[in-house]
Amino acid sequence: MAHSSKAFKGDKKMYEQNFYNLEYNELKKHLSEFNLSEKAASMRANQIWKFVYKKGVGNPDNFINLPLELINKIKTKIDFNKISIEEKKASRDGTIKWLFKLNDGNLIETVYIPFGKTGTLCVSSQVGCTLNCKFCHTGTQMIVKNLETTEIIQQVLLAKDELTDWSKEKKIRNIVYMGMGEPLYNFNNVKKSIEILKNVDGLEFGPKRITISTAGIVPEILSASKEIKTCLAVSLHAPTDEIREKIMPINKKYKLKALIDSCRKYAEMNKEKIFLEYVLLKDINDTKYCAQKLIKLMGGFPCKLNLIEFNVWPGAGFEPSSKEKVSEFYNTIKESGHVVTLRKSKGNDILGACGQLKTESKKISKKLDN
Ligand code: SF4
């Protein structure tokens with residue numbers, strides 16, 4: 001495939017720009033610095049953008065209708081190199097998990113979850129995570145760094161290459177920022193990656209096809225409602241401050257009331273219901289009392305609930321709720337009139353399911369962009 005991670009491998013030369021960090025207008029600006037008129041820069045940017053993001057052609061030598069002189073200039077200034085695939089695992093249920101190696105050696109995970117002929121791609125936004133949610137495998141890995149825009153975009157491109165997903169009938173229909181990391185703690189790079197994903201001359205993911213999942217970073221939820229405007233999922237996992245604080249330390253900083261207020265504002269701005277994620281943990285948050293508290297909380301803003309069966313990982317310290325408890329909890333919410341779905345875990349056999357992603361990258365820097 002044109003986006004092969006092997007392209008230009010071993011070429012350590014320093015470039016002025018990485019292509020996958022550029023928004024469309026930035027690409028145009030760079031091209032105009034190659035002595036092109038504004039009109040020509042615009043036309044060439046459009047051609048290159050379509051090659052890369054519509055056709056999956058990632059090697060400038062294959063930009064067939066561009067003048068050779070321009071291709072050579074582009075090749076010296078703009079880096080089209082890719083991250084590489086370190087490992088790939090396919091689950092019995094069709095879920096695929098890739099372990100990608102970044103150019104700095106860090107490892108991240110990306111998961112494709114099929115639903116029939118199409119599916120959802122779950123991308124990472126950080127290496128590791130600061131938030132240390134007690135039930136989450138990623139949370140046991142110390143934060144290493146925020147991903148750059150290019151590292152987020154390349155997860156999508158490599159997954160499309162792997163799935164041979166460059167025809168009009170897209171396999172990857174939805175993108176969720178639910179892999180490793182808290183996307184709203186990498187706000188600027190996530191925001192820019194979404195601008196690139198949304199571009200109609202390229203990958204063309206509409207805002208309703210992209211979901212950002214947050215553990216509840218209240219100020220950034222409010223910023224995202226104005227600046228990012230995709231669907232929003234909130235990892236709620238408990239209906240009271242007391243329980244939530246035990247399993248999600250972030251709740252000590254941002255209490256449920258403030259979180260729900262920010263969700264209400266987000267829903268008002270974007271005219272979309274908020275997805276609430278709720279992983280059922282035995283004897284922790286799966287009681288009748290919790291279901292009733294949750295019903296009350298859901299009455300406060302437009303939302304739908306996604307119940308998730310807990311995926312056990314080595315050393316987790318939690319157990320999944322019993323089948324009876326899961327269906328009792330589900331039925332209680334459903335009978336109250338709220339929208340609720342029960343997500344069957346996919347990719348369980350390859351640790352590719354929600355809250356199971358973890359790599360062995362070491363902490364190399366405490367300084368993050370945001
Ligand atoms: S659930 Fe999300 S926010 Fe919490 S530790 Fe895991 S990756 Fe981080």
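Laboratory data are not the source of any read-out in this text; all were calculated from the coordinates shown. All of these numbers come straight from a predicted model, not from anything done at the bench. All Cβ positions, even for glycine, are placed from backbone atoms using ideal geometry, and neighbour counts span all protein chains on display.
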How much of the DSSP bridge set in the chain is antiparallel, in percent, rounded to the nearest 5? 45 percent
A 29 angstrom limit on the alpha carbon distance is what I want to check against. Which of K77/K145; K168/K226; K39/K226 exceed it? K168/K226; K39/K226
When we measure straight from the Cα of K89, which lysines land under 21 angstrom away, once same-chain ones fewer than 8 places off are left out? K6, K97, K101, K117, K160, K171, K344, K346, K358
Principal axis dimensions, largest first and in whole angstrom, of region 218-271 by Cα: 31, 16, 15
Over region 17-79, relative contact order from alpha-carbon pairs under 8 Å, at least 6 apart, %: 37 percent
Take every Cα pair under 8 Å in the chain that's 6+ residues apart, average their separations, divide by the length, and report that relative contact order as a whole percent. 17 percent
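Provide the three semi-axes, in whole Å and in decreasing order, of the ellipsoid equivalent to region 237-319 as defined by the square roots of 5 times the Cα gyration tensor eigenvalues.
Taking √(5λ) for each Cα gyration eigenvalue gives 23, 14, 13 Å.
Using a 10 Å cut-off on Cβ atoms, rank the peptides 143-156, 251-264, 198-211 from the highest mean neighbour count down.
Output ranking for 143-156, 251-264, 198-211: 143-156, 251-264, 198-211.
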Put +1 on the Cβ of every Lys and Arg and -1 on every Asp and Glu Cβ in the chain; which of I48, I78, L305 then has its Cα farthest towards the positive end of the dipole? L305
If neighbour count is taken as other Cβ atoms inside 10 Å, put Y185, Y278 in order from fewest to most. Y185, Y278
Tell me the angle of helix 68-77 to the major Cα principal axis of the chain, expressed in degrees between 0 and 90 and rounded to the nearest ten. 50 degrees
Would you order H30, H237, H338 from fewest to most other beta-carbon atoms within 10 Å of each residue's own beta-carbon? H338, H30, H237
Rank N103, V144, L342 by how far each Cα sits towards the positive end of the charge dipole of the chain (+1 on Lys, Arg Cβ; -1 on Asp, Glu Cβ) and give me just the farthest. L342
Translational diffusion coefficient (Stokes-Einstein; Kirkwood radius from C-alpha pairs) of the chain at 37 °C, 0.692 mPa s, in µm²/s: 152 µm²/s
Give the distance, in whole Å, between the Cα centre of region 142-201 and the Cα centre of region 270-320. 26 Å
So for region 17-79, taking the charge dipole from beta-carbon charges (+1 Lys/Arg, -1 Asp/Glu), which of P60, N21, N35 sits furthest toward the positive end? P60
